[in-house]
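Visitor: Handing you this structure, nothing more for now.
The values are calculated or read from the model by the stated rules, or taken from the named source; none is laboratory data. Since we're looking at a predicted model, the values are computed, not measured. Note that each Cβ is placed from the backbone with ideal geometry, even for glycine, and that neighbours are counted across all protein chains shown. Surface areas here come from the heavy atoms of the whole protein model, side chains and all, with no ligands, DNA or RNA. Shrake-Rupley method; radii C 1.70, N 1.55, O 1.52, S 1.80 Å.
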Amino acid sequence: MWTNWAGTHSCVPVAIERPKSAREVAGAVRRAAEAGRTVRAAGAGHSFSPCVPTGGALVQLGRLDRILDADPASGLVKAEAGITLAALNRGLQERGLALPNLGDIDAQSLAGALATGTHGTGARLPNLSAQVEALELVTGTGERRTLAREDGDLLRAARVGLGSVGIVTAVTLRCVPAFRLRGVDATLPLEEVLATLDERADAHDHFEFWTFPHSPLALTRTNDRTDAPVDTPGRAGAWLHDVLLDNHALELLSRAGRRFPSAIPLINRFAAAAASGRERVDWSHRVFASPRLVRFDEMEYAIPREHAADAVREARTILERHRVNFPVELRFVTADDALLSPAHGRDTAYVAVHVFEGMDGEAPFREVEKLMAGWGGRPHWGKRSFLSARELKTRYPAWEAFAAARAELDPEGRFENPWARRTLGAVRRPEAA
């Protein structure tokens with residue numbers, strides 16, 4: 001059985017393959033084709049959407065975990081698809097390199113993070129897939145192909161490919177020289193933050209905040225490049241903040257809210273007021289990523305940046321009608337050109353809502369999704385969504401170009417599963433084109 005990190009999706013594939021090379025991936029796809037089976041690839045299982053579950057063959061990429069080549073002069077780094085972001089970051093650091101931006105979880109596989117449009121925050125920085133210079137994949141016919149910039153829409157489709165245009169085996173990324181960040185966490189009045197949102201997003205390399213329903217506070221985080229030396233609280237201090245306070249205390253409060261739902265408003269206000277500020281300087285990947293030990297379910301929507309403040313206010317109003325004891329999160333990215341990137345063609349604010357494990361999030365999630373539709377919201381592909389291809393295709397200017405690339409790289413629909421058929425529609429077979 002395969003199960004995702006959150007424990008919300010699982011499947012029992014007919015076959016599970018754990019290849020150690022691109023050639024073995026191609027062999028797995030050809031065997032599935034000969035048996036008339038579909039194929040899905042799995043990374044670290046950190047998606048909240050059912051993008052992996054299959055009744056066909058499942059290809060797990062965890063053994064493809066090496067950095068194959070790195071050129072500090074050009075910044076080009078080639079890595080296998082199954083390497084985790086944490087391992088990739090450590091390898092880049094050893095070579096004097098770094099990714100310009102990251103999200104706050106680094107347990108994902110590289111290919112999985114790219115395929116779902118994973119992002120960090122930074123109003124002048126795009127999502128992770130924008131750093132892709134080339135990638136190697138296995139097509140639906142079992143052919144190994146390399147896609148580069150000159151391949152145009154094929155590469156732009158595969159950069160955020162949703163596991164539906166091929167199984168990625170290696171990626172060439174454009175990296176930057178390793179850098180340090182000064183990270184500052186501070187608690188401020190929410191309305192003060194929302195009233196100055198654009199100024200805050202533009203004033204910092206990376207800006208984001210969280211706000212609990214029922215609380216008047218925002219927990220802000222700014223990360224800015226610095227030449228200052230590393231200055232961290234040490235192992236014990238880091239454990240106290242990152243593990244004990246940010247995880248164990250949060251889990252205890254969340255369990256209390258699940259057990260006593262009527263106390264959630266009080267618990268949320270206490271959690272926000274008790275949040276501690278801090279400041280540190282460290283290498284970028286250590287500042288970006290934090291341990292995530294508390295299980296939850298999540299929906300995240302990409303909307304035009306100019307609607308960010310209204311979206312936060314109205315999402316909170318929805319969540320306060322329900323029993324939700326996890327915060328709303330707001331982040332920013334600049335536009336990019338991946339065909340199905342949620343930030344395709346527009347500067348974007350990402351609004352994320354969460355529910356603690358074991359609590360039913362469908363009702364508030366559906367309301368939030370309806371709210372985001374009013375701003376042309378696009379769901380994060382690795383998070384919860386209830387939309388189908390009929391609704392999604394109107395929100396992506398390059399939808400038809402992606403469909404054409406998918407038909408070329410997977411003409412027989414080898415990489416289909418129930419989620420892909422609902423979300424993208426069926427592959428256009430040559431005779432139906």
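Visitor: Express the accessible area of segment 193-346 per residue in Å², computed with a 1.4 Å probe while the remaining protein chains stay in the model. Intermediate results must be reported in sequence, preceding the final value.
Guide: Working: 6600 Å² over 154 residues.
Averaged over the residues of segment 193-346, the accessible area is 43 Å².
Visitor: Note down the relative contact order for segment 312-419 as a percent, whole number, built from C-alpha pairs under 8 angstrom at least six residues apart. Write down the numbers at each step before the final one.
Guide: Working: 93 pairs, mean separation 25.0, N = 108.
With pairs under 8 Å counted, the relative contact order is 23 percent.
Visitor: Still on this structure: To the nearest 10 degrees, how steeply does helix 264-274 sit against the main Cα axis of the chain, on a 0 to 90 scale?
Guide: In the chain, helix 264-274 runs at an angle near 80 degrees to the longest axis.
Visitor: Still on this structure, I have one more. Return the Rg/Rh ratio of segment 99-202 with Cα-based radii and a Kirkwood Rh. Mind showing how you got there, number by number?
Guide: Details: Rg = 17.3 Å, Rh = 15.8 Å.
Result for segment 99-202 is an Rg/Rh of 1.09.
Visitor: Let me ask another. Tell me the relative contact order for segment 69-121 as a rounded percent, counting alpha carbon contacts under 8 Å between residues six or more apart. If you can, show how the numbers build up before the last one.
Guide: Numbers: 49 pairs, mean separation 19.4, N = 53.
That works out to 37 percent.
Visitor: For a protection proxy built on the mean count of beta-carbon atoms within 10 angstrom, sort 214-222, 334-342 highest first, please.
Guide: 334-342, 214-222
Visitor: Same structure, new question: Assuming a viscosity of 1.567 mPa s and a temperature of 4 °C, what translational diffusion coefficient in µm² per second does Stokes-Einstein assign to segment 276-387, Rh being the Kirkwood radius over Cα pairs? Mind dumping the intermediate values first?
Guide: Working: Rh = 15.1 Å.
Estimated via Stokes-Einstein, D reaches 86 µm²/s.
Visitor: Expressed in whole Å with the largest first, what are the equivalent ellipsoid semi-axes of the chain derived from the C-alpha gyration tensor as the square root of 5 times each eigenvalue? Walk me through the intermediate numbers first.
Guide: Working: eigenvalues 233, 126, 84 Å².
Equivalent-ellipsoid dimensions as semi-axes: 34, 25, 21 Å.
Visitor: Could you give the accessible area per residue of segment 61-115, probe 1.4 Å, as a whole number in Å²?
Guide: Ligands and nucleic acids excluded, the figure is 36 Å² per residue.
Visitor: Using Cα springs under 10 Å in a Gaussian network model of the chain, which residue among GLU400, GLU34, GLU314 shows the largest mean-square fluctuation?
Guide: In this elastic network of the chain, the residue with the biggest mean-square fluctuation among GLU400, GLU34, GLU314 is GLU34.
Visitor: Further, regarding this structure: Tell me the relative contact order for the chain as a rounded percent, counting alpha carbon contacts under 8 Å between residues six or more apart. Provide the component values of the computation, followed by the final result.
Guide: Working: 987 pairs, mean separation 79.2, N = 433.
18 percent.
Visitor: Please report, as a whole percent, how much of the solvent-accessible surface of the chain comes from carbon and sulfur atoms (probe radius 1.4 Å). Working shown, then result.
Guide: On the way: 8760 of 17270 Å².
Answer for the chain is 51 percent, counting heavy atoms of protein chains only.
Visitor: Give the average over all directions of the projected area of the C-alpha convex hull of segment 1-111, one decimal, in nm².
Guide: Working: hull surface 30.0 nm².
Value for segment 1-111: 7.5 nm².
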